[in-house]
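The values are calculated or read from the model by the stated rules, or taken from the named source; none is laboratory data. What you see is a predicted model, and the numbers here were worked out from it, not measured in a lab. Cβ placement follows ideal geometry from the backbone for every residue including glycine, while neighbour counts extend to all protein chains displayed. Heads up: the accessible areas ignore ligands, DNA and RNA and are worked out on the full protein's heavy atoms, side chains in. Shrake-Rupley method; radii C 1.70, N 1.55, O 1.52, S 1.80 Å.
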Amino acid sequence: MRKALRGFLSLAVLIGTVSATGASAGAATAAEPTAFGNTAGSDSGTSTDIKDRILAIPGMSLIEEKPYAGYRYFVLGYTQPIDHRHPSKGTFQQRITLLHKDTSRPTVFYTSGYNVSTNPSRSEPTRIVDGNQVSLEYRFFTPSRPAPADWSKLDIWQAASDQHRVFTSLKRIYSKNWLTTGGSKGGMTATYFERFYPKDMDGVVAYVAPNDVVNKEDSAYDRFFDNVGTKECRDKLNGVQREALVRREPLEKKYQEYAAANGYTFKTTGSLDRAYEAVVMDYVWAYWQYSLLSDCDTIPADARNAPDQAIWDSIDSISGFSAYTDQGLETYTPYYYQAGTQLGSPSITQPWLGKLSRYGYQPPRNFVPRSIPMKFQPSVMRDVDSWVKHHAHHMLYVYGQNDPWGAERFRLGKGARDSYVMTVAGGNHGSNVAGLADDDKAKATAAILRWAGVAPAAVRDDPAKAKPLAAFDARLDKRDVMNERGLRP
């Protein structure tokens with residue numbers, strides 16, 4: 001469950017009670033940054049350098065500036081309250097990056113829900129609207145972690161309030177329309193931000209965002225794995241996974257050697273055996289998350305007669321044997337904490353394994369150090385799901401047909417307005433607007449342009465003419481496969 005959970009895009013949750021939502025508005029107001037001068041207007045309308053204007057925001061500091069043609073790119077630190085309800089009880093530094101084009105352009109607020117990359121990059125909506133991009137590191141992902149870390153302050157309302165303060169600080173400079181976006185956990189984050197601060201953004205573009213409304217009910221995933229792809233491909237994958245458990249003894253010996261050679265340990269999971277099985281149990285899920293049906297010819301066709309090395313190599317290349325070591329888990333402790341307290345996590349039966357599994361699909365609690373207390377809050381995702389169904393406005397969800405995470409997805413209800421859920425045929429966890437069928441792609445692109453306030457007249461008259469306003473840039477627009485391996489969205 002872990003490798004898939006990392007997410008192809010890089011590619012939290014109410015605070016446990018619905019009453020907390022009502023308190024959020026007042027608490028956020030108390031934590032608001034001081035208003036920053038009269039900075040409305042385009043770059044050409046002021047003699048002050050954009051860097052100076054940004055650094056004049058109370059609590060904002062410069063970590064570094066990196067040159068990039070056509071843009072200014074800043075890595076910044078921003079002082080945030082550890083607890084937005086009680087801002088006097090300490091602060092921490094949260095990393096932000098800013099890809100600045102022009103204050104006369106719209107701005108896209110991006111988060112992966114994990115660490116932030118400190119190299120210039122551009123999300124798909126940023127390219128579509130030819131705008132600025134603010135990217136935020138999710139709280140508790142190092143170095144954006146309070147010290148000491150009070151893990152009870154890691155929830156989706158606190159994280160949404162982080163975004164709200166950043167937006168409020170920068171809106172005086174970037175006064176045009178704003179969109180929020182993210183993939184996988186980032187798409188979830190964009191949704192939660194909209195749920196708690198629905199007046200901030202002019203639109204939401206959420207990619208492959210899971211929506212685990214009832215954590216204990218995961219039959220949708222079982223149905224997905226019964227039908228995804230082709231029977232031939234499913235049988236090949238199931239055969240390799242089964243064989244990895246049949247050959248547990250020789251392959252775990254190889255795992256011990258691998259761990260010793262790389263200095264890997266297993267204190268969090270409790271044993272090498274538990275870590276080994278967690279990797280193997282992720283195999284089928286991770287394949288469909290990261291790969292396409294056309295990649296199935298890379299899977300050993302006759303697993304029973306394949307050498308041990310072939311089974312090892314296939315599991316490692318898809319699930320990653322480092323994923324459940326202490327060293328592999330450490331970066332993602334905040335994710336597993338959230339999965340085990342608010343977000344929920346999937347579990348699948350995998351009947352083709354028979355009784356070969358000793359531990360089943362292990363819960364997030366097994367991947368968080370025992371020194372960190374965890375208690376699941378079942379009302380959180382139900383609240384968000386209900387809000388999206390009844391209040392979604394200017395929200396776009398894009399899913400991949402063959403992505404396991406889409407088995408439990410956000411769906412729109414009668415209360416939704418100018419909002420869409422679209423699916424990329426044969427798509428995996430890297431699905432985006434560009435991969436949609438032509439009609440949906442044009443409709444989605446036109447909506448993004450419209451929400452950003454930059455739809456050309458021709459597009460307003462005929463959405464079929466919609467296309468990105470900025471040319472493709474191979475460096476800026478490359479995929480950020482940040483999360484690598486492990487069942488994480």
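In what order, largest first, do 82, 173 sit by accessible area if the probe radius is 1.4 Å?
82, 173
All other residues with a Cβ under 15 Å from the Cβ of residue 235 taken together, and with Lys, Arg as +1 and Asp, Glu as -1, what is their net charge?
So the environment of residue 235 carries a net charge of 0.
Ordering 151, 178 by how much accessible area each has at a 1.4 Å probe, largest first, what is the list?
Solvent-accessible surface, decreasing: 151, 178.
Going by average Cβ density within 10 Å per residue, which order do the peptides 155-166, 466-477 take, highest to lowest?
Averaged packing, sorted descending, gives the order 155-166, 466-477.
Report the Cα centroid-to-centroid distance between region 119-170 and region 176-198 in angstrom, as an integer.
The distance from the Cα centre of region 119-170 to that of region 176-198 comes to 10 Å.
Could you bin all the Cα-Cα distances of the chain into 10 Å bins starting at 0 and give me the percent of pairs in each, rounded to whole numbers?
Distribution as computed: 4, 20, 30, 26, 14, 5, 1, 0 percent.
For the pair residue 232/residue 313, report the inter-label distance in nm, with labels modelled 7 Å from Cα in the Cβ direction.
Taking the simple label geometry, residue 232 and residue 313 are separated by 2.2 nm.
Accessible surface of residue 201 in the full protein assembly, 1.4 angstrom probe, to the nearest 10 Å²?
Solvent-accessible area, nearest 10 Å²: 10 Å².
Please list, in order along region 97-109, the HN-Hα scalar couplings obtained from phi with the Karplus expression 6.51 cos²θ - 1.76 cosθ + 1.60 (θ = phi - 60°), rounded to whole Hz, x for Gly and Pro.
10, 9, 9, 9, 10, 5, 5, 7, 9, x, 10, 10, 9
Which lysines, if any, have their Cα less than 19 Å from the Cα of residue 375, not counting same-chain residues under 8 positions apart?
Partners found: 153, 216.
Ignoring ligands, DNA and RNA, what percent of the accessible area of the chain is carbon or sulfur (1.4 Å)?
50
Could you order 266, 193 so the one with the most accessible surface comes first? Probe is 1.4 Å.
266, 193
So what J values fall out for region 77-86 if you push phi through Karplus, 6.51 cos²θ - 1.76 cosθ + 1.60 with θ = phi - 60°, rounded to Hz, Gly and Pro as x?
Each residue of region 77-86 in turn: x, 9, 7, 10, x, 5, 10, 5, 7, 9 Hz.
Under 26 Å from the Cα of residue 254, which lysines turn up, not counting those fewer than eight places away in the same chain?
Of all the lysines, those that pass the test against residue 254 - Cα under 26 Å, at least 8 places apart if same chain - are 3, 236, 267, 355.
How large is the helix-only mean residue ellipticity at 222 nm for the chain, computed as the sum of -39500 (n - 2.57) over DSSP H runs with n ≥ 4, divided by its residue count, in deg cm²/dmol to the nearest 500?
Taking each H run of at least 4 residues, the total per residue is -10500 deg cm²/dmol.
Considering only C-alpha atoms, what is the centroid distance from region 64-82 to region 364-415, in Å?
30
Please give the solvent-accessible surface of residue 89 in Å², to the nearest 10, using a probe radius of 1.4 Å with every protein chain present.
Only protein atoms counted, so the area is about 140 Å².
At a threshold of 8 angstrom on Cα-Cα distance, excluding pairs fewer than six apart, so keeping six or more, what relative contact order does region 135-218 reach in percent?
Once normalised by length, the contact order is 26 percent.
Tell me the relative contact order for region 387-489 as a rounded percent, counting alpha carbon contacts under 8 Å between residues six or more apart.
21
Given +1 on the Cβ of Lys and Arg, -1 on the Cβ of Asp and Glu, and no further charges, what dipole in debye does region 237-327 carry about its Cα centre, rounded to the nearest 20?
240
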